[in-house]
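Asks: To start, I am sharing the structure in question, which I have written as C-alpha cells.
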Amino acid sequence: MAKKDEKSKKNAPLIGIDIGGTGIKGGIVDLKKGKLLGERVRIPTPQPSTPQAVIEAVAQVVEQLSVRPDAPEAGSHVGVTFPGIIKHGVVHSAANVDKSWLETDIDALLTARLHRPVEVINDADAAGLAEARYGAGEGVSGTVLVITLGTGIGSAFIFDGKLVPNAELGHLEIDGYDAETKASAVDRERLGLSWEEYSVLLQRYFSHVEFLFSPELFIVGGGISKRADEYLPRLKLRTPIVPAELKNDAGIVGAALQIAVKHKLAN
Ligand code: BGC
C-alpha cells in the first residue's frame, strides 16, 4: 500500500456493531474522538438468537449504516462484538445466546455475508478497550479491570492500556455460585432487589476480584452504570471504582477500535 493510502486510512471512521442478548446496535465510529458519527442503529436481537438469524440482523444494521453520506469506504473492515469467548474468530462460549453458536467461526460467517472483512471481539473486551482509550481508564497504567453488569457479567483485563483478551471474571465461582447468576443487573431485576440488597452482592463480588488481582482501578460498565450513584458509594474497597464513561456506546466504539488497533489504523 502506498504511504499516502496508509495515511489517509489512519483514524478513518469504521463501522462498529455490538451484538447483545436483547439488541444489535451499530454505529459509525470516529476513532479520533471515540464517539459515534450520527445516530446509532438498533434492532432487537432475533429470538432464538441462532447464528443465521443474528447474522442477517447484523447485515441489516450494516446496510443501514453503509448508505449514510459519512459511511466508511465500501469494503472497509467492520468490527463486531459478541457476548462470549472469541478466539481467532471462533465462538467458544455462549452463556446468554443460542448454544448453536458454539464452535462456529463467526469471523468467517460474517465476512462471507457482508462481503467485507469482519473481525469479532468479546463484548466486554470491546467495552474495556474503549474505556481504556477514551474513557475512565485513559492514561491509567497497571491493571485496570472493566466489569460490565448486564444480562451476564462481562470483564476486560487491561494492563498498561493493552487488552489481555477473554478474561471471564463473570463466571468466577463465589460461595458455590457462578457469579453472574447472582450479581448481574438482570439478577437484580429478576430477584426484585433494592439497591442496598444488590450492593451486598456486588461487595462480595468486587472484594473477591480485588483480592485476586489487586487492580489499580475498577470501571463498572453495562446499562446499570447510569445508576452508579445508587450502589458504588456503598462499596468498601481498597481500589478506586468508577462508572464507565462511554455508556451505551462503549461496545460499538470498542468493536471499531479493536480493528484500528490490530491493523494500526488509529494513533
Ligand atoms: C459471557 C461473557 C460476556 C458477558 C457479558 C458472559 O456470560 O461469558 O463472554 O462478556 O456475559 O455479555
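Asks: Please report, largest first and rounded to whole Å, the three semi-axes of the ellipsoid equivalent to the chain, where each semi-axis is the square root of five times an eigenvalue of the C-alpha gyration tensor. Kindly include the intermediate steps, with their values, before the conclusion.
Replies: Details: eigenvalues 186, 88, 50 Å².
Listed largest to smallest, the semi-axes of the chain are 30, 21, 16 Å.
Asks: Quick one: Debye curve from the C-alpha atoms of segment 180-239, no solvent, what's log10 I(q)/I(0) at q = 0.15 Å⁻¹?
Replies: The calculated log intensity ratios at q = 0.15 Å⁻¹ are -0.42.
Asks: Starting at 0 and stepping by 10 Å, how many percent of the alpha carbon pairs of segment 70-147 end up in each bin?
Replies: The calculated distribution, bin by bin, is 18, 38, 31, 13.
Asks: Please compute the Kirkwood hydrodynamic radius over segment 105-152, one decimal place, Å, based on all pairs of different Cα atoms.
Replies: 12.7 Å
Asks: Another one. Compute the angle between helix 51-66 and the longest alpha-carbon principal axis of the chain, please, reported from 0 to 90 degrees and rounded to the nearest 10.
Replies: 60 degrees
Asks: Taking only protein heavy atoms into account and a 1.4 Å probe, give the accessible area per residue of segment 1-98 in Å².
Replies: For segment 1-98, the solvent-accessible area averages 50 Å² per residue.
Asks: Binning every alpha carbon pair distance of segment 213-267 at 5 Å from zero, what are the percents per bin?
Replies: 4, 18, 19, 17, 17, 14, 7, 4, 0
Asks: What's the angle, to the nearest 10 degrees (0 to 90), between helix 250-262's Cα axis and the longest principal axis of the chain?
Replies: Once rounded, the angle reads 60 degrees.
Asks: Quantify how much of the Cα-Cα distance distribution of segment 1-119 extends past 24 Å, in percent.
Replies: The proportion of pairs with Cα distances above 24 Å equals 27 percent.
Asks: By a straight-distance test (C-alpha under 21 Å), which lysines pair with Lys264 as possible cross-link partners, with residues fewer than eight away in the same chain excluded?
Replies: Leaving aside lysines fewer than 8 places away in the same chain, those within reach of Lys264 are Lys3, Lys4, Lys7, Lys9, Lys10, Lys32, Lys33, Lys35, Lys87, Lys162.
Asks: May I pose another question? For Gln47 and Phe159, what is the calculated FRET efficiency with R₀ set at 45 Å and r taken between the beta-carbons, to the nearest 0.05? Could the numbers behind the result be given before it?
Replies: On the way: r = 37 Å, r/R0 = 0.83.
In this case the efficiency is close to 0.75.
Asks: Work out, in µm²/s and without decimals, the Stokes-Einstein translational diffusion coefficient of segment 133-267 at 37 °C, 0.692 mPa s, Rh from Kirkwood over C-alpha pairs.
Replies: It diffuses with D of about 215 µm²/s by this estimate.
Asks: At a 1.4 Å probe, what is the % contribution of carbon and sulfur to the accessible area of the chain? Each step should come with its number before you reach the end.
Replies: Working: 6650 of 12480 Å².
On the chain, the fraction of accessible area on carbon and sulfur atoms equals 53 percent.
Asks: For Phe206, Phe159, Phe211, give me the order by solvent-accessible area with a 1.4 Å probe, most accessible first, ignoring ligands, DNA and RNA.
Replies: Solvent-accessible surface, decreasing: Phe211, Phe159, Phe206.
The values are calculated or read from the model by the stated rules, or taken from the named source; none is laboratory data. Note that the coordinates shown come from a computational prediction; the quantities given were computed from them, not determined experimentally. No Cβ is skipped: glycine too gets one built from the backbone with ideal geometry, and neighbour counts run over all protein chains shown. When the accessible area is computed, the model is the full protein with side chains, heavy atoms only, and any ligands, DNA or RNA have been set aside. Shrake-Rupley method; radii C 1.70, N 1.55, O 1.52, S 1.80 Å.
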